[in-house]
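Here the structure is laid out as structure tokens; the discussion comes afterwards.
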Amino acid sequence: MTTNEAKKTEYYVRSYLANLPVPDAASVDEKVLADALRTMQTKRQQTALPGALSWRMIMTSKTSKLAAAVIVVAALFFVFNSSRFGSSAWALEDAIDALRDYGAAYIVGAFPGGTAEIWMRADKTRSQSMDVLVKGSHGAITWTQDGSTYHYEPEQNTVYYEEALTVGFSQWLGPPLLEMLGSAENAELIRGKDPATGRDRVTLLCSMIDVNGAQSWNIEFDVESKLPIAFKQWPNLDRHGPPGFEAYKVVYYENLPDSFFVAHISDGVQYVEKPLMIPEEALGILSNPQDGISTDGMTQQEAAEKVLRAMFQAVIEQDLDRLKKMCPLCRNWGNEFLRKIILKPGKEDRIVEILQIGQITKTGHTKLGPIVAIPITVLRQNGAKAEQQMIVQFRQIGSESSCVVHGPRGLPHKIE
């Protein structure tokens, strides 16, 4: 496809998306949308892999890239400093006000090899997403239900699941999210115009390594409405190559009915539990022998409890150095970022007490050694209780046995 052809196709796609009606499961024209976006994806199309048994092979299939793309939404907007942009004519505070009344969102976009529609709905407090349904153009479906995440692969007639909410927004796309924005050291603000509509745009750029691996983003805000209207995500730090997911349209709603989040799966599918994994690019960060704690003379359960208690106590005591030592990935995020989204000084939802550390619920293995998932229950300043699954990495470095905290497994579960 030539440059001019690509621009024309993009113009037609954007024009089509701009005039889509209110979405519902029956009225959205999936075929026209899929065909239009697929034209833009011609150069990126990848041949579907045959049915595979290993999770690594499953997650390289074109439909499963949809699930991988959605997972990264959990960290999507945690990167910008409102004080940095507050003096501009376009103020992040305006976007906070614009988003205040929205508790649901509908997103249309593309991933390498296909397209996707995403429905999301916030929890009762509008602090994070709770219900998610993702429909891929090749028939793949990802959804959440009762605190677990499911991914259906039609070519394999299989549903892969894990007992954690591993898709969605870990801070809902509204005031709780924008008010907690941290500052990525490499964040940039650029201005321009949409070539299709002529409307002014503000674009925020950033990159970081989080629990899902290397990520970089390009997020567009409409200057007039103040709302985020499009974004691109890459599975690398410098936005090179085709995006892992590109959202062309974002529509906001006060709420959406339960019927939007029901996944219709054919009978006779098999269910396979997803193994516990850590992205390989995170392993180097987790391998410093100076981090974590020694595990000599302790069981995995005892060591996991000790390192998690040390990490969360550092959060309670606002001790950034100790937090980074127990959870090395935090070093990538900058002190201001950590204070705003982890320590939360002066905020009602900051962690003030460790209530309970449960038993190991799941185990796995990386090149560094064993990994475990273990739940921890905490009390927040406002009296709310939350349970969060955490992943702990065990290491054998020379003659020394130790462990560090990798990070959360999915979104926290609020305890009523």
Determine the principal axes of the Cα atoms in the stretch 244-311, then give the extent along each, sorted from largest to smallest and rounded to whole angstroms.
52, 35, 25
Packing rank of 395-401, 225-231, where each peptide gets the mean count of other beta carbons within 10 Å, highest leading:
225-231, 395-401
What FRET efficiency comes out for SER266 versus GLN145 if R0 is 22 angstrom and r is the Cβ-Cβ distance? Round to the nearest 0.05.
0.85
Between ARG322 and GLU336, the two model label points (7 Å from Cα along the beta-carbon direction) sit apart by a distance in nm of 2.6 nm
Is the stretch 350-405 best put as rounded, prolate or oblate by its Cα gyration tensor, with a ≥ b ≥ c the root eigenvalues, rounded for a/c under 1.5, and otherwise prolate when a/b is larger than b/c, oblate when not?
prolate
Given the peptides 152-159, 248-255, arrange them by the average over their residues of other C-beta atoms within 10 Å, most packed first.
152-159, 248-255
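Expressed in nm to one decimal, what extension gain is obtained for the pair LEU283 and ASN382 from 0.36 nm per residue of sequence separation less their Cα-Cα distance?
Here the segment from LEU283 to ASN382 would lengthen by 32.1 nm.
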What is the extension gain from ASN157 to ARG239, computed as 0.36 nm multiplied by their sequence separation minus the C-alpha to C-alpha distance, in nm to one decimal?
26.1 nm
Restricting to lysines 8 or more places apart or on different chains, can you count the pairs in the stretch 334-416 with Cα atoms under 28 Å from each other?
9
On the principal axes of its Cα set, how long, how wide and how thick is the stretch 280-415? Give whole Å, largest value first.
44, 30, 25
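Throughout, read-outs are computed from the coordinates displayed, never taken from laboratory work. What you are looking at is a predicted structure, and each value in this text was computed from that prediction instead of being measured. Positions of Cβ are backbone-derived with ideal geometry, glycine not excepted, and every protein chain shown enters the neighbour counts.
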